[in-house]
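Worksheet: the structure to be examined is printed underneath.
The values are calculated or read from the model by the stated rules, or taken from the named source; none is laboratory data. Keep in mind the model is a prediction, meaning the values are calculated, not measured. Because the Cβ atoms are built from the backbone with ideal geometry, glycine has one as well, and the counts that use them run over all protein chains shown. Remember, those area values only see protein heavy atoms, side chains included, never the ligands or the DNA or RNA. Shrake-Rupley method; radii C 1.70, N 1.55, O 1.52, S 1.80 Å.
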Amino acid sequence: METGRIIKLISGVYQVDVNGTLYNTKPRGLFRKKKFSPIVGDIVDFEIQNINEGYIHHVHERRNALKRPPVSNIDGLVIVMSAVEPNFSTQLLDRFLVIAHSYKLNPSILVTKKDLASDSEIQHINEILKIYEKIGYTTHFIHKDTDKQTIIDSLPKGLVVLSGQSGVGKSTFINALKPELNLETNDISKSLNRGKHTTRHVELFEREDGFIADTPGFSALDFEHIEKDEIKHYFIDIDSFGEECKFRNCNHIKEPKCNVKQQLEEGHLAQFRYDHYLQLYNEISNRKVRY
């Protein structure tokens, strides 16, 4: 029996890495009976059938796992946004951040395509990023000719996941990290302001201190696992201010003596962050129950 990490899944075949040796494996039937599927990032025990093939017998307990993209045992999550093409959106960024915190991950923010943005767009994004830095997030805003080594050096050891819309530059960034991969990249659709899906599956690429994951881009985020009363905890600035509210179960909307509303009025909480919180709260409050 060997132990390794799943680095790729295509057409039901799980590619497992064992100290640089790759095996194409399939899960035993017991996983199907349990309605449980291994995912990329899982540490698994598998039985070797021949030189490069085997059957997965056991999946080790996951430290964490994202539902979309499906990847587990994550040490760092980088939310990749672009300055333009597609246009930078604080609303979308906040939605990514909420998802990350709901899975108990500490995300950082990477904004790409600085070279394509106008001076006014660069100034605006820099001002926005200062707000996120004040909240506590690590941010980077990169030009295509920027020495990316500084950002690469800032990545935590272990498995780092890049997540974001299609066309924001995830594959381009990995190509800069590992040019020999020559990952497919593509331009965005001008009419839809979003990228075409050049990455079609989650795949881990080995790097000096672990792995980095390229993930399929997407335009919709899944909040089905989040309840409306939990959202306030995933806006970490709102959650911090909320500790001083008079009522412990305060949702910072119409409740009296709400410290969050007071901080908003005094300018210590960004209006757009509060607006995005309200939008998500109402969106989840109004979703239909699935049976």
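Quick notes on this one:
- Relative contact order (percent, whole number), the chain, Cα cutoff 8 Å, 6+ residue spacing: 15 percent
- Amide H within-cut-off set for residue 158, under 5 Å, with H built and near neighbours excluded: 210, 211
- For the chain: accessible area per residue (Å², 1.4 Å): 54 Å²
- Summed residue charge, Cβ within 10 Å of residue 279's Cβ, Lys/Arg positive, Asp/Glu negative: -2
- Of all accessible heavy-atom area on the chain, the percent that carbon and sulfur account for (1.4 Å): 45 percent
- Largest to smallest principal axis extent of the C-alpha atoms in region 24-172, angstrom: 59, 31, 25
- With the simple spin-label model, which puts each label point 7 Å out from Cα in the Cβ direction, the residue 134 to residue 246 separation comes to 2.7 nm.
- Taking the inverse of the mean 1/r over every pair of distinct Cα atoms in region 4-91 gives a Kirkwood hydrodynamic radius of 14.5 Å.
- DSSP bridge orientation in region 53-128 - percent antiparallel, rounded to nearest 5: 25 percent
- Taking the chain, the Cys residues with no second Cys beta-carbon under 4.7 angstrom are 258.
- Other residues within the sphere of radius under 12 Å centred on the Cβ of residue 209, judged by their own Cβ, net out at -2 (K and R +1, D and E -1).
- Helix-only mean residue ellipticity at 222 nm for the chain, each DSSP H run of n ≥ 4 adding -39500 (n - 2.57), per residue, nearest 500: -8000 deg cm²/dmol
- Ordering of 104-114, 49-59, 225-235 by packing [mean C-beta count within 10 Å, highest first]: 104-114, 225-235, 49-59
- DSSP beta bridge pairing in the chain, given as percent antiparallel to the nearest 5: 55 percent
- Two tests apply to each whole DSSP H helix in the chain, Cα reach of 24 Å or more along its axis and mean Kyte-Doolittle hydropathy of at least 1.0, and none passes both.
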